[in-house]
Amino acid sequence: MPGKLKAKIVAGRHLPVMDRASDLTDAFVEVKFGNTTFKTDVFPKSLNPQWNSEWFKFEVDDEDLQDEPLQITVLDHDTYSANDAIGKVYIDIDPLLCTEAASVISGWFPIYDTIHGIRGEINVLVKVELFNDLNRFRQSSCGVKFFCTTSIPRGYRAAMVHGFLEELVVNEDPEYQWIDRIRTPRASNEARQRLISLMSGELQRKIGLKVLEMGGNAVVGYLQCFDLEGESGLVVRAIGTACTLEKLTSGSLASAHTHPNTAPASNACNSPSKDGKEPVFGEDLPSSSGPPTPFRALPTSSSSPPPFSPCKPCSRQSSSSDTDLSLTPKTEEPQSGRRRPGIFLCPSSPVLSADSLSLPGLGSAGCGHGSGPRATSPALPSFTYSDSALLRKSVSFTEDLLLAASGMGSGGSAGKEAGPLKTLLRQQTQTALEQRGASSSGLLLNAREFPFFTLTSFPPGFLVHVGGVVSARSVKLLDRIHNPDEPETRDAWWEEIRQEIKSHAKALGCHAVVGYSENTSICEEVCILSASGTAAILNHRYMREGCLDIGSTDQRFEDPSPPSCGFCHIPYDELNMPFPAQLTYCYNCRRQKVPDVLFTTIDLPAEAAVTGKGCLIQARLCRLKKKAQGEVNATVISNLLPFMEYELHTQLMNKLKLRSMNALFGLHIQISVGENMLLGLASATGVYLTALPAPGGIQIAGKTTGDMSNEQHILTIQKRINDTIARNKELYQINPPKLFALDPEVFCGTNMELTEEGVGSPIPEPRHRSRLFRSHSESSDEVSELDLSHGKKDAFVLEIDDTDAVEDIHSLLTDASPPAGFHSCNTETMPGIYNWTTAVQMFTSVRVLRLSNANLSNQSLNKIFTDLCENLLKSFYFKLRSMVPCCLCHLNFNVAVPEEELIQVSVTAVAMTFDKDQTQERPAERFITKGGSETDEQLQFSLELCADSSSTNSQPSSRISGVPENTIVSSRVSSLEHCSPLTEGRSRSVRSSRSFGGSPVTMVKMTPLSFLPGTRNIKYLGIINMFFIRETTSLREEGGVSGFLHSFIAEVFAMVRAHVAALGGNAVVSYSMKDCVLMENPNKNQAQCLINVSGDAVIYVRETDQEPTASMTNMGQSLCAADGAT
Amino acid sequence: MAVELDVFVGNTTIMDEEVYQLWLDGYTVNDAVKARMDAGVLEECEADADVLLSDTMDQYRTFQMCERLLQSPAKLANQLLFQITPHRQVMLIERYYAFDDTFVREVLGKKLSKGTKKDLDDISAKTGVTLKSCRRQFDNFKRVFKVVEELKGPLVENIRQHFLLSDKLARDYAAIVFFANNRFETGKKKLQYLTFQDFALCAGQLINNWTVGAVDNMVEDMDVDLDKEFLQELKELKILIADKDLLDQHKSLVCTALRGKTKAFAEMEANFKNLSRGLVNIATKLTNTKDVRDFFIDLVEKFIEPCRSDRWTAADIKLYLTHYTNSAHILDPFKHQAVWDRYMGVIKSCIFIMYHD
């Protein structure tokens, strides 16, 4: 009985009129947790009832505490008939289970009904008394902190990063055929909401268990998704990165106060199961530091015949390398053999490929093979461009082939392997200690097997080199999940994809994948699973041993590279490149080779040297497909996928060059499937990395020579393109440091620009420039080489041979740049803007287009889709014009094909204002950002972990001045919160007075970023993960679909804000809307929508409150004042 | 190809004041788009008509969703659906309850009933205020009326607190409520020259001096209904015109005081009895509801018009009424000084307001 949950229903307000006769309501409340229900008295005839109930106490397992939400139902008492439900509130009590998060939930919650939306508010108080659980066999993982933020949360430092976490749970969907059943009352949708709430609780608990077993205490970059598979069920899955986080504190006293069990450097984890893990470590360490593993040999073996190579034998080759991979454990860890029999049972063999044909993944396997030879033919031109990033991407481009191969080979076996292993895990965690040890090393193995990190930004020094984007997609046919407790197939599918990703990373000479994410697109019974990330080499110093396979790290990488360019240096072997790429010496340090273009899914590293500003770059694509069923459909789709990837990639590349940039960050490619079309949308933030060569221009070539009019046409297009490039250079202030080599005029020109444009122009510091000079004078070889790549000689050639190409070029040129004063990006921060002011406006926008014309061509569809996206952006600029100068950050586009002939685009982003006069401040700013309080925690991180590294010792003073501040804040807060259970009565009255009394509602800021500009997050209160369904049978009356969705989104925002405010917070960071599934039937006047949102609830204070103690005192005073007022 | 759905929702509700005004003024979305284009929004930002249409639709939807809250403004502050900064809330409420003087002039003193509401299209046609806007304004009047009807305490304060309005607007609403409750006639041709503000000022005088609330401030309807006792007592003033001696005495006192001080002395002397009869008669008849309704028209007919035809200046009026009031105190047999002051104080102020040179 490790927990006591207490809830108190205080009052209601703004209730709806339930009794038409009296225009009043006789409301009472049911409070339910698990199977226990309490009721309040009926408060008769009032729309603002004051129940002021007793404390309802639930004595429950902590497992249930994690899984179950507290359900509060407000009802209208009816003497003669059944009581009418007014609405419900689900409260996730997870934040109360973590000592560092919130200690009480108290506030006004919107009462929500799936049909009527928000119907008044209810004031609730919730507390948890958690008894210390010394049971090592427990199933709960209370105390593990969850963060949606995909970086180390501010105010924390990572003592250790443990690795990849994944879990999924499946269930029957209580309402998979909504359209037929929409007339049934809200019961089914409520059941669905309840179920999903339960499932995500369970999922979170399971992930938490894994974290504890790995020795961590937190999950960072937690990403949870729902797959509504219709008839085949409901899948809730999550991935994340296990970490051991420590609050940034300097005094040991304070640290002991906030989390007593933190023992830095070792497996710091404040969970009671600590002693249970120790043996695991002991058992594991020797094995991982033991002899070189076959992993090490892999990169070479798979890179010599590159995995993307089009021919069939090659994919065979890569499949055999996968086999190596799955055999790894045998040589490496004899004692683990007993846990992984599955691996050896299913070696890659023809028998198995036959076997896999009978799997539901057949679609992908079979058609992948079929499409192999065909798919490669359009890919071939790409080789002639000899463009490294393109080819690097073509690793993923041919992923279907690879997938096919691995599906036949080890991919299938991997799936098989995962199943039994998981079963074993489940059994083990339920039973005994020895097995727990075993399972945990199994988990560790899993973490090593998938050295993936959902993080997108890292502390300095963490990221050593970046290889490029790796991605994998697979088309699956959904079948009914027969046994929800054993979701083997879904596990196996993902396992397959992850293997794929891993092997791609290996091919790029990388041992890890960062910025990793997974998603799905489902249409009827076809499902596209996608995963993508950025292959990278990480500094293993920060990893838990064994988490990464570091053997493959070449000695040359130990060479410390400057932080501003080090990550650009190629991780793969120059002589043994996985693809033909154009390498040059780094323009920054001139010591190592860099590719000419770099694509990544991560955020721009803070220390990266960037020239000019960045901008959002999107590639959009529509492809029609024939309607089909089952396997045929899957085949059609998987045949189309490579073409789409290729075209998206070409578009991205062209647009990047058009903007005169050379790197993409935050690349996210989404491919959505509909009944008769596929939609592809790639978004990224383009930047000019100083370390990389300047991109060549785009050259137009006509196919038919001699035709005068045609030639004229080409010339005009060429001119337009050149003009656009020139204009963009100016717009994004891209004035790369010229390599003052052969042309003294150029040099002078640059200098003049420098003086004219002032410091604002992105020219590196003088010191830097002189270094460039030196290197030039030292080696003339380099100069010529650099010059070659710099000129227009290697311009990207676009051939106009048919109308398609003309269309492509036109679409290339139609992208409007943002109006004056606006910038846009899809990453955390905008490269080139450093002085944010505090105004933020988060927004969600959804647009659905109906294609009335049934016979559209691909071209016109593309145009429509492109216009849709462009018009959305235009709308944003217009609506937010009062915020100028401002930047739309974290523009997250989501496309879907909800029905035939419908295209849905939903966008969530934040507009942030910045100081226009940043030009003067910029150079200084940059250094402040580097050394200042913002990255303070990160600095400390590196200080702690690599004291030998000299590069980070530069700002000891800032650390000393910065850290105690944080300490004071955090200890203050926690003491404030900690004292509340003691002085219960007082704190309660404080709380309630704050939320009562008609005092204005707390303003809660929301942002998809991990921070609010000009503020500091002083406390993380817990994760917000909410799922809502809204339905209507009076669509017209509610203002059509737009009116319906508008109010629903507003309601979702309101509920998120209310939950955050009830936790005592004033902001949500890393907010995202992961799902927005709208189904409508205007003929029946009906519609239904599902929305899933998540984020981290925080308390922030203004950065300007330099003395945090003062601000805390103020807070205390205001609380006291409020107290006195009651 | 058509946009099936198009929404934009900000965490902080985005509201453009211009569009809000257009919405309040009852413009349709298309008219609003046209109006915005004419105002030159597109020039300040690179946008096209589609963007403008989409934005206008979004805003209109937001306003429609907000309208329910605006109708009970206290809810706006502690509702959770829209996150609106407090100063924005003030603006929204103030503008929502703002009204057109031309419109209110038409319904002032009318019963706020369904019947009146049906005539709104005529009023709309007459005033040029859109029907939608007329309805909103009318419903606002009605809503305020209904709410304060049942409340105790001072009228203006009640409106201010209940609807979170500025002092000025609360006073105007108090006037509207007061007029509607007592059904003062304001629509007659002879009263057309008076603006709403004239009436509002008069209403303020009446509320402050003649209602129950002027004596006792904790009864229901205190500021809405006239003090019945006081109206009864007004009958006693009849003596001022009924008693011939008293009338003469009063006249001579006033004339003595006025002599030489104004050009209009001759007319004053000549008209004294008529004017005095007029004013006292108004007072004595106020027990009849019908005569209460005609209060303003009586004032105009019995006093203002004669004075105007004799070309009195405002200063003349002031002088005359001051002496007229004060002289009554010296009249020995006249015992109703308090009632007289309470009555004449308001009459004086009202006439000052209503007398336009």
For A:1004-1010, B:57-63, ranked highest to lowest by mean beta-carbon neighbours within 10 Å, the order is A:1004-1010, B:57-63
In whole angstrom, the spacing between the Cα centers of the range B:309-357 and the range B:130-174 equals 32 Å
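Taking the number of other C-beta atoms within 10 Å as the exposure measure, put A:Asp76, B:Asp223, A:Asp479, B:Asp6 in order starting with the fewest.
Values: A:Asp76 19, B:Asp223 28, A:Asp479 14, B:Asp6 24.
Listing A:Asp76, B:Asp223, A:Asp479, B:Asp6 from fewest to most nearby Cβ atoms yields A:Asp479, A:Asp76, B:Asp6, B:Asp223.
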Descending packing, highest mean Cβ count within 10 Å first, for B:231-244, A:517-530 is A:517-530, B:231-244
Residues whose modelled amide H sits under 5 Å from the amide H of A:Asp1075, counting only those 5 or more places away in sequence or on another chain, are A:Asn1092
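Across peptide B:44-51, what mean number of C-beta atoms from other chains lies inside 10 Å of a residue's C-beta? Could the numbers behind the result be given before it?
Working: counts 3, 12, 10, 8, 3, 0, 4, 8.
Averaged over the peptide's residues, the number is 6.
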Too long for a 18 Å Cα-Cα cut-off, among B:Lys110/B:Lys142; A:Lys6/A:Lys206; B:Lys126/B:Lys168; B:Lys251/B:Lys273; A:Lys32/A:Lys127; A:Lys6/A:Lys32, are A:Lys6/A:Lys206; B:Lys126/B:Lys168
Exposure proxy check on A:Val513, B:Val19: fewest-to-most Cβ neighbours within 10 Å is B:Val19, A:Val513
Sorted by chain and then number, the residues having a modelled amide H within less than 5 Å of the amide H of A:Leu245, at least 5 places away or on another chain, are A:Ala159, A:Asn217, A:Ala218
Karplus-derived 3J(HN,Hα) from phi for the range B:132-143 (6.51 cos²θ - 1.76 cosθ + 1.60, θ = phi - 60°), whole Hz, x at Gly and Pro, runs 4, 5, 4, 4, 4, 5, 4, 5, 4, 4, 5, 5
Candidates B:Thr127, B:Thr12, B:Thr186; GNM for chain B (alpha-carbon contacts under 10 Å) flags as most fluctuating B:Thr12
Listed by chain and number, the residues whose amide H is under 5 Å from that of A:Gly468, excluding neighbours fewer than 5 places away on the same chain and using placed H, are A:Ala535
The ³J(HN,Hα) series, computed from each phi in the range A:111-119 with the Karplus coefficients 6.51, -1.76 and 1.60 at θ = phi - 60°, rounded to the nearest Hz and given as x for glycine or proline, is 7, 10, 10, 5, 8, 9, x, 6, 10
With x for Gly and Pro, the residue-by-residue ³J(HN,Hα) of the range B:177-186, computed from phi through the Karplus equation 6.51 cos²θ - 1.76 cosθ + 1.60 at θ = phi - 60° and given in whole Hz, is 4, 4, 5, 5, 5, 9, 6, 4, 6, 10
Descending packing, highest mean Cβ count within 10 Å first, for A:602-615, A:1080-1093 is A:602-615, A:1080-1093
Rounded to whole angstrom, the alpha-carbon centroid of the range A:509-526 lies from that of the range B:269-293 at a distance of 90 Å
Looking only at lysines whose Cα falls under 16 Å of A:Lys613's and that sit 8 or more positions away or on another chain, we get A:Lys655, A:Lys657, A:Lys729, A:Lys916
A correct fewest-to-most ranking of A:Thr844, A:Thr1015 by other Cβ atoms within 10 Å would be A:Thr1015, A:Thr844
Counting other chain Cβ atoms within 10 Å of each Cβ in B:71-81 and taking the mean gives 5
Per residue of A:1045-1054, other chain Cβ atoms within 10 Å number on average 6
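Every number here is computed from the coordinates shown, using simple stated rules; none is lab data. Owing to the predicted nature of the structure, the values given are computational and were not obtained by experimental measurement. Glycine also receives a Cβ, built like all others from the backbone with ideal geometry; neighbour counts cover every protein chain displayed.
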